[in-house]
Every structure is written in structure tokens, then in C-alpha cells.
Amino acid sequence: MANKTIELLSPAGSFDCIQAAINAGADAIYFGVEQLNMRTRSSNGFSLADIEEVSTLCHSNGIKAYLTLNTVMYDHDMQLLKAILQQVKLHHIDAVIAADFAVMEYCSQLQIPLHISTQANISNIAAVQFFARMADVVVLARELTLRQITQITRDIERRNILGVSGKPLEVEIFVHGALCMAISGKCYLSLHTQNAAANRGACVQNCRRSYIVTDAETNEQLVIDNEYIMSPKDLCTIGVLDQVVNSGVQVLKIEGRSKGADYVYTVTKCYKEALEAIANGTYNAASIAQWETMLATVYNRGFWEGYYLGQEMGEWTKSPGSAATEKKVYIGKGSRYYPNIQVGEFDIEAGTLQPGDTIMVSGQAHGMFKETLHQLTVNGNHAIIAEKGDKLTFPITTKVAVTDKLYKITKA
Amino acid sequence: MSKIIHYRNKCIGCGICQQQQPTLWRMSKKDGKATLIQAIEKKGIYQIAIPTHLLELTINVAKACPVNIIKIV
């Protein structure tokens, strides 16, 4: 399959992340609004009023924008759903990603392009054929093997299955990010323990904790080699991306709408470079090692290739939080920008910075900006330390806003 | 008398409050979020006093809310 047809789809939980995805070379982003998406706990969710700005930002940068509306839907959601879809239509969002039949029905009525979410667990060609009547892209279940995926894409070609728009139906799969301990969308663990509706986007991730298994009859603790018995490592396919491309899929999706701009930028950039390397024949072990090192710097629970290579069991993480090799420490926020000399000023609110420290700026204009400060300019003078109350300035080509956040990057 | 405080903006519309205590809660057809019936709104936060005989059930409703936006004071 010619690599140029592959679309790289990045997650966006905020405008910072959209800009980061654009800067890193994403072909499209997906985002959620209000409470009808699977990341309702994310603090920076978009609202209905943001749809126009998301559309403008993406389209003016030549990338597509897809809206996820993939929770379980109730009767009381219908009016909000219709209001969202009207905005989608009005502002030319490129497609809606859905798993509920109500969303599919309304998209069909409004002639909004539709992608079927992984929450629908499409795992066979008959299901693909069924959804082709209403969609242009199907996201396959994350639990399939590459062999099964290849069979599905070949059958689509062989049977000439067309999407609702009349073009050949496209297949999308996840290539990077968190995996669920259950078949996607079929987990009720949060509901049983904390009454939290995982399929309304409120998963509390109790699979990510450590557990002790006790025999209820004898009260004896069973010996298990890993306390994180339900927490899978994160999916990472950078080392097998050539096989992924050869499986015949058209869209590669990165998970992570709850994650920051640094994650979106780094992961998107690595996969973009890897796709380019596959296209021009320079994809090799040395570059894979470099990308793996880069990917390990941002949030992760350790990596494996998911179920794509057909392992019998999941690989489980060994730690509660991220295994990222770098961490970001909050230092301060943007205060003003001097456009003539392209210098940004930041108020230091916590911690300290010294010459040689690497900083990261997260903000709507930059996406993610990362640089090592070899010398410090504090309150207008060269200094050997910047601390709380100081004003730090450094050259930056994009406009600094008061909503920008400044972080120090340290080894984890 | 105790009060219910409802941080409505953060509601995810799962409907558990309305199912457990339909006399105090209804699901808005307009925006899909839970509405605390007859509550007074101030900056997006809704409040209402609750009679003592409803307190126990309301505490359970607050515990049941998956996003923890119902407080009893």
C-alpha cells in the first residue's frame, strides 16, 4: 500500500493540543465537546461554542477535524446531540465518530460524514459491510490481530465495499496510547466500585491500581508476580509500523485526548517521521530505537504492541503512574510578548530555573515549544537562577499569552 | 437545615441522581444535564435546602454521583 494514502489522526483535548498536532504534522485531529464523549473527566474539554474555532483552526492549517460523540446515549441527551450536530454541519466538521445508533441516524438525516467508533467493537467483515451503509470510515476493535485486520481490508477490496459517500470504505486502527483491560466500551469495573459511568466517559481507571488476590474461603493471599494484574501497558506500534501499513489500513489513530500538548506533539512527530521513513525506504532499527526513546519521554505505562501480533495475554504494567523518562514541573505562566524582538516574558510562580535547564511552553499559539536555556535573563539582567516572583524572558517566535504555562523538563 | 449544592456545569448527564431521587432531580432535555428542581442558581452553582427526612437518601445520591458534583452542607 502506498504510504501517501495513510492519514495520521491525533488526539486533541485542548487548543494547545490542536496546535501541537498541526506543528508535528498530523493529517487530522479528533476532539470531544460537552459530556457526550469518552473523556468527560478531562478538565480542558471543549464546549459547543468552540466547534467553530476548532474547525477554522484545523482547516486553515490544512488538516481535518473529527468530532467524537461516542458515549452511551440516553433519551435526555437527544436535544444536546442535535444541537451539537447542527454546529458540526454549520461549521463543516469533517466527520463525527459515533458508536450509538441515534448518532448514526441523525448524522444520516443531516448528511454528516460518519466514522464508526472503536466503541462499536467491529471485529469482522460482515459488521464492516453493515456499517458501510452509513459510514465512510470504520475504526476496528483494538483487540484484533494484524492478520485479522489484513483479512478485513483485503475483503473490503475484494468485495468492493463502498462507504455511504460512494468511495471505498476506509479502515482506521489505533497505533499508540492507552489500552483498556476490557474489550473497549464493555467495562463496568468503575461502575461496580465507584458507580462511575465508564461508558459516559467517567472511567476512574481502577484497573490501573495494584491488587491483592485473596482466597475468600481460606482468607489466604494468592501469590501473583505482579500486583497490577489488570493494567495493560500502552500500545506502541512504532517498531512494527511497516507491518501495520502493510495490513492495508488507511487511518492511524493516536489515543490520548486527556494528555497534554507535549504528548500530542512528540507522539505525532514520531509516527509522522516513521510513516515518511517507510514511504522512502529508510525505516530501520536505528531510527526505531530513536523514536522509542523519544516516545518514552512522554506519559506512558511502558510499551507493547497490543494484540496486533497475536499474543495470548496482555502485558501488564509494573507501576501505578507514568513510566515516562522525562517529567514536566510547573514553573510559571506567560505575562507578555515583545513581537518586534520576538521575546516572551514569563512570571515564575514555583520552583527554580538555572542556565542549561530545558523548558517547555504549552499554549494555544505554540502547541508545544521546548528549548534548553543556555543563559537566563531574569528581570532584564543575566542571572544564574530564576525563582518565584522573577520575570524570565527568552526568545520565542510565537506569541506568548497569559494562558501559556511554563514547565521545566527534568529526568523522571 | 441542610443544603444541597450542585455544580451543574460539570454534570456528565448519567442520570443516576434522577433515578435514585426523582422528586428532587430531573434530566434537562435542553442540555442533557441533571437539574436540581426549584434550586437557586448563582454563577452556575445551584442550591436548595432539604428537609431532614430526605437527608439520608440525598447523601446516598451525592455518593452515587460519578463526578462528585453534589455536596451536602
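When restricted to residues that are closer than 22 Å to A:Thr317 by Cα, surrounded by fewer than 14 Cβ atoms within 10 Å (Cβ to Cβ) and within 14 Å of another protein chain (Cβ to nearest Cβ), the stretch A:183-222 contains 2. Check the stretch A:108-118 and report whether any residue there is in contact with a strand residue (DSSP E or B) (Cβ under 9 Å, 6 or more places away or on another chain), over 24 Å from A:Asp50 (Cα atoms), of a type in the set (S, T, N, Q) and in contact (Cβ under 8 Å) with a residue 40 or more places away in the chain. Scanning the stretch A:108-118 turns up at least one residue that is in contact with a strand residue (DSSP E or B) (Cβ under 9 Å, 6 or more places away or on another chain), over 24 Å from A:Asp50 (Cα atoms), of a type in the set (S, T, N, Q) and in contact (Cβ under 8 Å) with a residue 40 or more places away in the chain. For the stretch A:61-69, state whether one or more residues are within 14 Å of another protein chain (Cβ to nearest Cβ) and either in contact with a strand residue (DSSP E or B) (Cβ under 9 Å, 6 or more places away or on another chain) or modelled with pLDDT of 95 or more (or both). Looking through the stretch A:61-69, at least one residue is within 14 Å of another protein chain (Cβ to nearest Cβ) and either in contact with a strand residue (DSSP E or B) (Cβ under 9 Å, 6 or more places away or on another chain) or modelled with pLDDT of 95 or more (or both).
Kindly list, by first and then second residue, each pair from a residue in the stretch A:8-32 that is in the same structural domain as A:Ile97 (by TED's automatic domain parsing) and surrounded by 24 or more Cβ atoms within 10 Å (Cβ to Cβ) to a residue that is in a strand (DSSP E or B) and of a type in the set (Lys, Arg), limited to pairs with Cβ atoms under 7 Å and residues at least 6 apart or on different chains. So the pair list comes out as A:Leu9/A:Lys253.
Looking only at residues in the stretch A:156-215 that are without any contact (Cβ under 8 Å) to a residue 24 or more places away in the chain and assigned to a strand (DSSP E or B), the one that is farthest from A:Asp262 (Cα to Cα) is A:Thr214.
Of everything in the stretch A:82-103, what is more than 13 Å from A:Tyr66 (Cα to Cα), of a type in the set (A, V, I, L, M, F, W, C) and buried (at least 20 other Cβ atoms within 10 Å of the Cβ)? Give them in sequence order. Matches in the stretch A:82-103: A:Ala99, A:Val103.
Among (1) surrounded by fewer than 16 Cβ atoms within 10 Å (Cβ to Cβ); (2) touching a residue at least 60 places away in the same chain (Cβ under 8 Å); (3) of a type outside the set (S, T, N, Q), which single condition is A:Pro232 missing? Only one criterion in (1) surrounded by fewer than 16 Cβ atoms within 10 Å (Cβ to Cβ); (2) touching a residue at least 60 places away in the same chain (Cβ under 8 Å); (3) of a type outside the set (S, T, N, Q) is unmet by A:Pro232, namely (1). Taken together, the residues in the stretch A:111-129 that are assigned to a helix (DSSP H, G or I) and touching a Leu at 6+ places or on another chain (Cβ under 9 Å) amount to 3.
Scanning the stretch A:70-87 for residues that are without any contact (Cβ under 8 Å) to a residue 12 or more places away in the chain and part of a helix (DSSP H, G or I), which turns out farthest from the other protein chains (Cβ to nearest Cβ)?
A:Asp75
Filter the stretch A:135-149 down to residues that are modelled with pLDDT of 95 or more and touching a helix residue (DSSP H, G or I) at 6+ places or on another chain (Cβ under 9 Å) and give me whichever is farthest from A:Asp100 (Cα to Cα). Restricting to residues being modelled with pLDDT of 95 or more and touching a helix residue (DSSP H, G or I) at 6+ places or on another chain (Cβ under 9 Å), the top hit is A:Ile149.
When the stretch A:351-388 is filtered for residues that are polar (S, T, N, Q), in contact (Cβ under 8 Å) with a residue 12 or more places away in the chain and over 20 Å from A:Gly260 (Cα atoms), the ones remaining, listed by number, are A:Thr352, A:Gln354, A:Gln375, A:Thr377, A:Asn379.
Taking the stretch A:41-52 on its own, how many of its residues are surrounded by fewer than 21 Cβ atoms within 10 Å (Cβ to Cβ) and within 14 Å of chain B (Cβ to nearest Cβ)?
Within the stretch A:41-52, residues that are surrounded by fewer than 21 Cβ atoms within 10 Å (Cβ to Cβ) and within 14 Å of chain B (Cβ to nearest Cβ) number 7.
Considering the stretch A:164-178, and only residues there that are of a type outside the set (Val, Ile, Thr) and crowded, with 21+ Cβ neighbours inside 10 Å, the residue that is farthest from the other protein chains (Cβ to nearest Cβ) turns out to be A:Leu169.
Whether a residue is more than 14 Å from chain B (Cβ to nearest Cβ), hydroxyl-bearing (Ser, Thr, Tyr), part of a helix (DSSP H, G or I) and over 22 Å from A:Met368 (Cα atoms) was assessed, and A:Ser55 does not pass this test. Filtered by the rule that a residue be within 18 Å of A:Met73 (Cβ to Cβ) and assigned to a loop (DSSP other than H, G, I, E, B), the stretch B:8-28 gives B:Cys11, B:Ile12, B:Gly13, B:Cys14, B:Gly15, B:Ser28.
When we screen A:Val128, A:Val138 for residues that are away from chain B (no Cβ under 14 Å), closer than 22 Å to A:Ile183 by Cα and within 19 Å of the chain's Cα centre (by Cα), the only hit is A:Val138.
State whether the residues of the stretch A:88-102 include one that is part of a loop (DSSP other than H, G, I, E, B), within 14 Å of chain B (Cβ to nearest Cβ) and in contact with a Ser or Thr (Cβ under 7 Å, 6 or more places away or on another chain). No, the stretch A:88-102 has no match at all. Residues in the stretch B:1-48 that are touching a residue at least 60 places away in the same chain (Cβ under 8 Å) and within 14 Å of chain A (Cβ to nearest Cβ): B:Tyr7, B:Arg8.
Within the stretch A:279-313, the set of residues being crowded, with 18+ Cβ neighbours inside 10 Å, in contact with a helix residue (DSSP H, G or I) (Cβ under 6 Å, 6 or more places away or on another chain), touching a residue at least 60 places away in the same chain (Cβ under 8 Å) and not charged (D, E, K, R) comprises A:Leu295, A:Tyr308.
Conditions tested, residue by residue: (1) at pLDDT 95 or above; (2) in contact with a Leu (Cβ under 9 Å, 6 or more places away or on another chain); (3) of a type outside the set (S, T, N, Q); (4) outside any strand (DSSP E or B).
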site: B:His6; (1), (2), (3), (4): yes, yes, yes, no
site: B:Asp31; (1), (2), (3), (4): no, yes, yes, yes
site: B:Tyr46; (1), (2), (3), (4): yes, yes, yes, no
site: B:Glu56; (1), (2), (3), (4): no, no, yes, yes
site: B:Asn68; (1), (2), (3), (4): no, no, no, yes
site: B:Lys71; (1), (2), (3), (4): yes, no, yes, no
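The values are calculated or read from the model by the stated rules, or taken from the named source; none is laboratory data. Nothing here was measured: the structure is a model prediction, and the numbers come from that model. Because the Cβ atoms are built from the backbone with ideal geometry, glycine has one as well, and the counts that use them run over all protein chains shown.
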